[in-house]
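The values are calculated or read from the model by the stated rules, or taken from the named source; none is laboratory data. This one's a predicted model, so the numbers in the text were calculated from it and none came from an experiment. Cβ sites come from the backbone with ideal geometry, for glycine too, and all protein chains shown count toward neighbours.
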Amino acid sequence: MLCIFIDALNPKYLKYMPFLSEMAKKNLHGGLEVPLGYTSIIASFMTGMHPEKHGIFDLFKLAEKPKLQIQNKYLLSMKNLLQNKRFFYSPLQIPQAKARFFEASMSKAWTQKNCLPCPTLFDILEKNRKSFALIDWPNYFRNRKAAIFFSESSDKVISLIKKSKDFDFIFAHFLDLEAAHSCGTNSRQIIAIAKNLDKKVSQIANLHENVLFFSDHSMDNIKKEFDIISKINELNLKFGKDLIYLVGSTTVEFWFRNNTAKIKVIKLLKTIKGGKIVNVKKFKLPKTSGLLFLANLGTAFHPNFFSKKRFRAMHGWNPKQQKTAYILKNSKKGGKRDARIIDMMPTILKLIGLPKVECDGHSLI
Ligand SMILES: [Zn+2]
């Protein structure tokens, strides 16, 4: 089975993608709901579990103890490689005084053993003696054997898919549409990228009988920016002593060191019209912070800890309002049907002919 992960796919791009639109018409397809968050999404794809079970929410989490970090990204990648930790993210873009409070929420890549506290799709495939390949820049895995590739271009991904075609399961990640962050979702540039990507994936869609096209999130234009950091600064609380916070483009996570800080922040957040405090239980998220604040669709926090650059489009808003899409080419006929990302793992196991496992999702087939 071939699994094509088209990052940042806004379903409206499909009108510029004749090959995928045709494939949707003939096969099972629909809207796709993902969990709130970032790294949480693929973790839920890989386990069929809501984030409250696998414990991942953001790219970064609070470090157990504040620590100094290697500031050179190449040295840091080298150190991770030597330790065979192939989840290559670290909070380098955050100013050092704040960065030392955080660490990457995972250390291993999806195909590595024990990357999450619950079994992944790859663990189940291995247990059932099925072979797998993962092409997820910069990681290229053939079963558990890791290699690195340097170009994130779709041509490189296509060539690695062709090279891996004999594996029972292939997972390949295309990053092209992430460009919408800078150019927006209505730009000529993103339309050209969508058209080009459609041609590219048409080359490999017949390599396997079962092919899943899916995305981890959609992408929507930013309509309003809000400077939440200035508002927090006005509270005169000390970062590290009274509270710690992590400001993303659409979410702010808070950890409180005392009750006064908590009361002040809650009072502030209640006055902000551009967002809401999240009920993490309702969103089936793990309790990784003391409080989570989410921007309303269209509002983005700027400045934030992740990028100095101003973006035109973003993801990570309420997933009920910002859905992506999937298409599943398979031998069983089926029409439109909405799905959740946790349904993908049980669907894949069924298509490969493996027994059901305990998880939160349900097979679409
Ligand atoms: Zn993404």
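Which of the residues spanning segment 147-171 are aromatic (Phe, Trp, Tyr) and within 16 Å of residue 209 (Cβ to Cβ)?
167, 169
From (1) touching a helix residue (DSSP H, G or I) at 6+ places or on another chain (Cβ under 8 Å); (2) within 23 Å of residue 52 (Cβ to Cβ), pick out the condition that doesn't hold for residue 340.
If we test residue 340 against (1) touching a helix residue (DSSP H, G or I) at 6+ places or on another chain (Cβ under 8 Å); (2) within 23 Å of residue 52 (Cβ to Cβ), just (1) comes out false.
Here are some residues: 320, 309, 336. Which one is at pLDDT 90 or above and either more than 16 Å from the ligand (Cβ to nearest atom) or of a type in the set (Asp, Glu) (or both)?
On inspection, the qualifying residue turns out to be 320.
May I ask you to list the residues in segment 243-290 that are of a type in the set (Gly, Ala, Ser) and either surrounded by fewer than 21 Cβ atoms within 10 Å (Cβ to Cβ) or part of a helix (DSSP H, G or I) (or both)?
Of everything in segment 243-290, those that are of a type in the set (Gly, Ala, Ser) and either surrounded by fewer than 21 Cβ atoms within 10 Å (Cβ to Cβ) or part of a helix (DSSP H, G or I) (or both) turn out to be 261, 274, 275, 290.
Can you pull out the residues in segment 246-274 that are in contact with a Leu (Cβ under 9 Å, 6 or more places away or on another chain), among the hydroxyl-bearing types (Ser, Thr, Tyr) and without any contact (Cβ under 8 Å) to a residue 40 or more places away in the chain?
The one that is in contact with a Leu (Cβ under 9 Å, 6 or more places away or on another chain), among the hydroxyl-bearing types (Ser, Thr, Tyr) and without any contact (Cβ under 8 Å) to a residue 40 or more places away in the chain: 260.
Considering each residue of segment 30-72, count those that are more than 25 Å from residue 172 (Cβ to Cβ) and modelled with pLDDT under 95, and give that number.
13
Being more than 15 Å from the ligand (Cβ to nearest atom), surrounded by fewer than 18 Cβ atoms within 10 Å (Cβ to Cβ), among the aliphatic types (A, V, I, L, M) and within 23 Å of the chain's Cα centre (by Cα) is the filter here, so list the residues in segment 169-202 that pass it.
191
Quick one: is residue 205 surrounded by 16 or more Cβ atoms within 10 Å (Cβ to Cβ) and not in a helix (DSSP H, G or I)?
yes
Looking only at helices (runs of 4 or more DSSP H) that fall completely inside segment 22-126, which ones have 1 or more residues that are within 16 Å of the ligand (Cβ to nearest atom) and hydroxyl-bearing (Ser, Thr, Tyr)?
39-47
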